[in-house]
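What follows is a single structure, written as structure tokens, with notes after it.
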Amino acid sequence: MLVGVVGKPSAGKSTFFKAQTLSNVEIANYPFTTIKPNHGTGYVRIDCVDKEFNVQCSPRFGYCINSKRFVAVDLLDVAGLVPGAHEGKGMGNQFLDDLNQADVLIHIIDVSGSTNEKGEPVDPLSHDPADDVRFLEHELDMWYLRLIDKGWDRFARSVNQEKPQLNKAIAKQLSALRVNEKLMEIVIQKLRLDPDILKWGRDVLLRIAVELRKATKPMLIACNKIDVKGSDGNFEKLKREFPDYTIVPCSSEAELALREAAKHKLIDYTPGDDDFTILQPDKLSAKQKQALDFIKKDLLQKYGSTGVQEVLNRAVFDVLGYIAIYPGGVGKLQDSEGRYIPDCFLMPPNSTALDFAYRLHTDFGKNFIKAINVRTRLPTGKDHLLQHRDVIEIMSKK
């Protein structure tokens, strides 16, 4: 899974990325600080099952703190997009193409309205962040249209002559956009498209682009800089204007400060928590103490967290609908090296026991006999739909 982090310059994308990954990325308040995409590992947080089995898990990948399991996902932070990006402005085409493999997009916006459409600093609350949402939708739609329009006339004439099944032909033509036959059939029916493809003008292709963008690049809006005074009003306004989006308030700077402090053992903090404990008050300056007090009172107590962890969690679990599945054995939760519940896998929605078997190993899928729910000790068939946080044992032929 690849999560794309997008938005205009200086909205806080790189700060969000660094807070999630603690990677050494350049952060500055001017356009195009990020030129080449930053690729790193973030972590979604779930309640670990180790407590239910009265063991302490030992993750091979990711980590677990106080039965809060952090499972790795790939993050990609591309350079800030500016109006006209689909036309190549600001190296926009390159950055848009970098996002082509993303499963979900996190749109970081400056909810405080303190940066204009180009990412330049302006007075707080003077820029409408709703314009940023509409701007990115337009740029993505026009990017999709550009990719669809390339070679379309020749393709349409070929389809008109050969008369193949329309959804299959178009899905093959647009496979680079991760379009499949089922999705294309849904779009054709929804838009009530004329069976004669030669009658599809540019307006029709744009409508198709919009629908394909929505389906293949689902998006969450992260309202960054929520800690700036007055930002909460913009946040409420955005929720009213864009009811179809998942919209989450956050402060990337606050999360980065907490994670860095925890890394240096100055505080005890688990990402996503609503509180922290100062461990070494003598090593904190008066300014640092004041900042931590602000974070606790104006963010954690008001919103329940800094929002950064919630942004990634909701992008993966709510927007994409993924579930976390643990491999395990009835009566044996250790691997060959003695680690308890070492693995946890993120699976797409509607994943079956057979899907999970193939995820573990191709041979498990090919030689599948049955799966066993480790909690209930009940066997399930290959078509059994898995549930979030299931612990599953796969039985296969030797």
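Since every read-out is calculated from the coordinates, none of them should be taken as a lab result. What you see is a predicted model, and the numbers here were worked out from it, not measured in a lab. Reconstructed Cβ throughout: ideal geometry from the backbone, glycine too, with neighbour counts over all protein chains shown.
Please compare each pair in Lys366/Lys398; Lys229/Lys289; Lys163/Lys217; Lys68/Lys265; Lys13/Lys225; Lys68/Lys366 to a cut-off of 22 Å on the Cα-Cα distance and tell me which ones are over it. Walk me through the numbers before you get to the answer.
Working: Lys366/Lys398 11 Å; Lys229/Lys289 20 Å; Lys163/Lys217 30 Å; Lys68/Lys265 19 Å; Lys13/Lys225 11 Å; Lys68/Lys366 33 Å.
Beyond 22 Å: Lys163/Lys217; Lys68/Lys366.
What Rg and what Dmax come out for region 290-347 when only alpha-carbon atoms are used, in angstroms?
17.9, 51
Considering only the other residues whose Cβ falls under 11 Å of the Cβ of Lys8, what net charge follows from Lys and Arg at +1 and Asp and Glu at -1?
Value of the local net charge: -4.
Bin all alpha-carbon pair distances of region 281-398 at 5 Å intervals from 0 and give each bin's fraction as a whole percent.
Histogramming region 281-398 at 5 Å steps yields 2, 10, 15, 16, 13, 8, 7, 7, 7, 6, 4, 2, 0 percent.
With a 10 Å Cβ neighbour count serving as the proxy for reagent exposure, in which order, fewest first, do Glu241, Glu310, Glu162 appear?
Lowest count first: Glu162, Glu241, Glu310.
Over the chain, what is the percentage of antiparallel beta bridges among all DSSP beta bridges, to the nearest 5?
Roughly 60 percent of the DSSP beta bridges within the chain come out antiparallel.
Compute the orientation-averaged projected area for the chain from the convex hull of its Cα atoms and round it to one decimal in nm². Write down the numbers at each step before the final one.
Values: hull surface 92.0 nm².
Averaging across all directions leaves 23.0 nm² for the Cα convex hull.
Could you pull the Cα extents of region 143-213 along its three principal axes, largest to smallest, in whole Å?
Projected onto the principal axes, the Cα atoms of region 143-213 cover 28, 22, 21 Å.
Using only helices, what value at 222 nm comes out for the chain when you add -39,500 (n - 2.57) per DSSP H run of length 4 or more and divide by the total residues, to the nearest 500 deg cm²/dmol?
Theoretical 222 nm ellipticity from helices: -10000 deg cm²/dmol.
Report the one residue of Phe135, His384, Tyr245 whose Cα lies farthest in the direction of the positive end of the charge dipole of the chain (charges on C-beta: Lys and Arg +1, Asp and Glu -1; origin at the Cα centre).
The residue sitting most towards the positive pole is His384.
Computed over the Cα atoms of region 158-261, what is the convex hull's projected area averaged over all directions, in nm²?
Working: hull surface 38.6 nm².
Directional mean of the projected Cα hull area for region 158-261 stands at 9.6 nm².
Can you list the residues of region 161-179 with backbone N under 17 Å from a point 7 Å past the Cα of Arg154, pointing along Cα to Cβ?
From region 161-179, the list is 161-162, 170, 172-176.
Evaluate the relative contact order of the chain (contact order divided by residue number), counting alpha-carbon pairs under 8 angstrom at least 6 apart; express in whole percent. Walk me through the intermediate numbers first.
Working: 731 pairs, mean separation 63.7, N = 398.
Normalised by residue count, the contact order of the chain is 16 percent.
State the volume of the convex hull built on the alpha-carbon positions of region 199-343, expressed per residue in Å³ and rounded to an integer.
Value for region 199-343: 206 Å³ per residue.
Fewest Cβ neighbours within 10 Å first, please rank Val159, Val104 accordingly.
Going from least to most buried by this count: Val159, Val104.
Please get the size of the charge dipole for the chain, origin at its Cα centre, with Cβ charges of +1 on Lys and Arg and -1 on Asp and Glu, quoted in debye to the nearest 20. Kindly include the intermediate steps, with their values, before the conclusion.
Working: 55 positive and 54 negative charges, 233 e Å.
Using Cβ point charges on Lys, Arg, Asp and Glu, the chain gives about 1120 debye.
When we measure straight from the Cα of Lys287, which lysines land under 17 angstrom away, once same-chain ones fewer than 8 places off are left out?
Straight-distance partners of Lys287: Lys296, Lys297.
Where a Cα-Cα gap under 20 Å defines reach, which aspartates and glutamates qualify for Lys397, not counting those fewer than 8 residues away within the same chain?
In chain and number order, the partners are Asp335, Asp355, Asp363, Asp383.
Would you look at the GNM of the chain, springs on alpha carbons closer than 10 Å, and say which of Leu81, Leu360, Leu206 moves the most?
Leu360
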